[in-house]
């Protein structure tokens, strides 16, 4: 939802990860006419649809696999999809497990600066890249610290969003905006789908990154 608020428009979106499909469904509910959902693990996506009480139902997933709905499902590696894609998107969402200190894990590649730049290259003017960025708590914020530095290397405007539902942090990157918080607050009442867990007032707090992140040594 922070990405939707920061995007100039929302007609097309790309979701990488998010196996259960909630992010894709939220984007459609917010006005996206087409969402490309990319996940490397077809078995995981299907198990989520079969057993989780949220996200895709099996019928919805099958329609997405046929590209017979607003959501088009692609069982591919995210790097391969982005590298080969000629599509342009208003919002790109990267929703993955935390970056790991184990460099062998392949999903670490989707946190690196070169992948962020590749996703940036798919954005329409005024488009936004949103990434799950780790935990804000001081004792395990290493992933967030790395993501913060990388986003600032790639994007002119970086907006932090800390969820009070859980220990989750997200970063949004886009072309220059002088006052992203004001932009988000102004756009909030205009959304076709209003967020359930934050309002204009709480955005003022949610968009302030932890002190330790803003003042890295």
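Taken together, the values in this text are just the output of simple stated rules run on the coordinates, not laboratory data. This one's a predicted model, so the numbers in the text were calculated from it and none came from an experiment. When we count neighbours, we look across all protein chains shown, and the Cβ atoms used for this are built from the backbone with ideal geometry, even at glycine.
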Projected-area mean, segment 98-217, by convex hull of Cα positions, square nanometres: 8.3 nm²
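For the ranges 185-194, 36-45, 61-70, what's the packing order if you count other beta-carbon atoms within 10 Å of each residue, average per peptide, and put the highest first? Show your work: numbers first, answer last.
Working: 185-194: 12.6, 36-45: 18.8, 61-70: 16.5.
Top to bottom by mean Cβ count within 10 Å: 36-45, 61-70, 185-194.
Give the relative contact order (percent, whole number) for the chain; include only Cα pairs under 8 Å separated by 6+ residues. Don't skip to the answer; put the middle values down first.
On the way: 388 pairs, mean separation 43.1, N = 217.
Normalised by residue count, the contact order of the chain is 20 percent.
How large, in Å, is segment 2-208 by the Kirkwood hydrodynamic radius built from its alpha-carbon pairs?
Values: mean 1/r = 0.0579 Å⁻¹.
Result for segment 2-208 stands at 17.3 Å.
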Please figure out what share of the DSSP beta bridges in segment 2-208 is antiparallel and state it in percent, rounded to the nearest 5. 40 percent
Modelling each spin label as a point 7 Å along the Cα-to-Cβ direction, I'd like the residue 76/residue 142 distance in nm, to one decimal. 3.3 nm
Taking neighbour counts of Cβ atoms within 10 Å as a proxy for exposure, in what order, fewest first, do 72, 86 appear? 86, 72
With just the Cα atoms defining each centre, how far is segment 106-137 from segment 139-178? Give it in Å. 10 Å
Take the alpha carbon atoms of segment 21-60, find their radius of gyration, then divide it by 2.2 N^0.38 Å using N residues; give the quotient. 1.17
Determine, for each peptide in 74-84, 169-179, the mean count of other beta carbons within 10 angstrom over its residues, then list the peptides with the highest first. 169-179, 74-84
183, 73 arranged by Cβ crowding within 10 Å, fewest neighbours leading: 183, 73
Using a cut-off of under 16 Å, list every residue of segment 130-174 whose amide N is near the label point 7 Å from the Cα of residue 182 along the Cα-to-beta-carbon line. none
